[in-house]
Amino acid sequence: MSQGSSVSKTASEFFPMTSDRASLPIGIFDSGVGGLTVLRSLREQLPQESFIYLGDTARLPYGTKSGASVVRYSLQAAQFLLGRGIKYLVIACNTASAVAVEALRQRFAPLPVLGVIEPGAVAGCAASLAGRIAVIATEGTVNGGAYQRAIAAVRPDARVVARACSLFVALAEEGWTTGEITERVAHRYLDDIFGVPEGPDTLVLGCTHFPVLLDTLRQVVGPAVAIVDSAHTTALQLRATLTAQGLLNRRGGTPTLQLLATDGPERFARVGPRFLGAAFSASAVELVDLSAAI
C-alpha cells in the first residue's frame, strides 16, 4: 500500500511555476466510482492529457458525513494527489464541491481547483428557456442547497426545484440503468415534478452517478426537457480554462491514467467500468492510504 508522503509539504513546494506544468497530469478525486463519469468526459474532451483519479472508497459516501469531515477528507485527498505531481485539481464529487472547494483553493493555492457544481449550474441556466430548472442529486447535496445557490447567483429569476434521488446511486452501481425497476423508480421520483403544467424545462444531473441513467431519465421526463450533465459541462470548462491559461499538454506521446482507491480495488474494478466506459482490472487500481496526509 502506498503511503501519503506529503504531510508537511506546502502546495508551492509541489506546484512547479514553470513551462513544465503543462505536461503534468490532472488530478481528480471522488468518494468512490461515480466520479469516473467526470473522468470519462475529461478524457473525451482532453484526449492528450494524463490523469490521476483517486476514489476514497474507504470512507464513502461523503453525502452522509458532516461538512467538517468532508472538508478533512477532501484536504487529505488533494494533498495526496499534489504529492503525485498534478497541474490541476478537479473535485468529481458534488458533496465535496459544495462544502470543500473554497477550503481547497485556500489551502493549496496556487494550484487551480474546479468543482462540478458551478459548471453544472451555469449550463443549466443557459439551457433553460423559461428559467424552470430541476436538480436531482443525493440527499446531502440537495439539503445543502449548493445547486440552488449557484443557479440563483447566475439567474436570480430562475425557479428551482431540487429532489433527492438516492436510490439512483444504488441502481447505477448495480448496473440497473434501464428496465422496469429503474423506470418505476424514476417515475416515482420525477412524475410529480415534470408531469404538471409549466413544469421544469431543464433537468440538471447533480450527482456523478446519474449520467449512466440518461436513457431512462430521458424516457421519463420526455424529449422536450433539456438534460444537463455536470460531468460533461465540467470537462468543457476545464478544456476552456486550460486553453486560456496555456496549460494544455502539447508534448505529444501516449497519455497515462492512474487509478487509485483507498479500499476495495476488486469492487472498484468490478463497478467502475460502468462509469468510465472502459474496462480495467483490479491490478490496475493502486491501493493508497490517506491517513498520513494533512
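Values in this text are rule-based calculations from the coordinates and carry no lab data. In this text, all values refer to a predicted model and were calculated from it rather than measured experimentally. We place every Cβ from the backbone using ideal geometry, glycine too, and count neighbours over all the protein chains shown.
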Cα lying deepest toward the dipole's positive end in the stretch 28-79, options G63, V38, I28, charges on Cβ
G63
Find how many whole Å separate the alpha carbon centroid of the stretch 26-65 from the alpha carbon centroid of the stretch 277-294.
11
Among [x] 133; [y] 160; [z] 122, find the value of volume of the Cα convex hull per residue in Å³ that was calculated from the structure presented, and write down its label.
[z]
Rounded Å value of the spacing that divides the Cα centres of the stretch 140-154 and the stretch 166-233:
18
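With each run of n ≥ 4 DSSP H residues scored as -39500 (n - 2.57), what mean residue ellipticity at 222 nm is computed for the chain after dividing by its residue count and rounding to the nearest 500 deg cm²/dmol?
On the way: 12 runs with 131 residues, N = 294.
Roughly -13500 deg cm²/dmol at 222 nm, from the helical runs in the chain.
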F268: net charge of surrounding residues, Cβ under 14 Å, Lys/Arg +1, Asp/Glu -1, itself excluded?
-2
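Determine the dipole magnitude for the stretch 118-230: charges of +1 sit on the beta-carbon of Lys and Arg, -1 on that of Asp and Glu, nothing else is charged, the reference point is the Cα centre, and the result goes in debye to the nearest 20.
Details: 8 positive and 13 negative charges, 65 e Å.
Magnitude of the dipole: close to 320 debye.
To the nearest 20 Debye, how big is the dipole of the chain about its Cα centre, given +1 on the beta carbon of each Lys and Arg and -1 on that of each Asp and Glu? Please report the intermediate quantities before stating the final value.
On the way: 25 positive and 24 negative charges, 136 e Å.
Once rounded to the nearest 20, the dipole reads 660 debye.
Which FRET efficiency value, to the nearest 0.05, do you get for T254 and R184 by plugging their Cβ-Cβ distance into 1/(1 + (r/R0)^6) with R0 = 45 Å? Working shown, then result.
Working: r = 45 Å, r/R0 = 0.99.
Approximately 0.50, to the nearest 0.05.
If Lys and Arg each add +1 and Asp and Glu each add -1, what is the summed charge of the other residues whose beta carbon sits under 10 Å from the beta carbon of S23?
Charge balance near S23 sits at +2.
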With a 10 Å cut-off between alpha carbons and a GNM built on the chain, which of E174, E44, E118 moves the most?
E174
To test your reading of the geometry: what angle, between 0 and 90 degrees and rounded to tens, separates the Cα axis of helix 117-127 from the longest principal axis of the chain?
40
Along the principal axes of its C-alpha atoms, what lengths does the stretch 118-230 span, in descending order and rounded to whole Å?
37, 28, 19
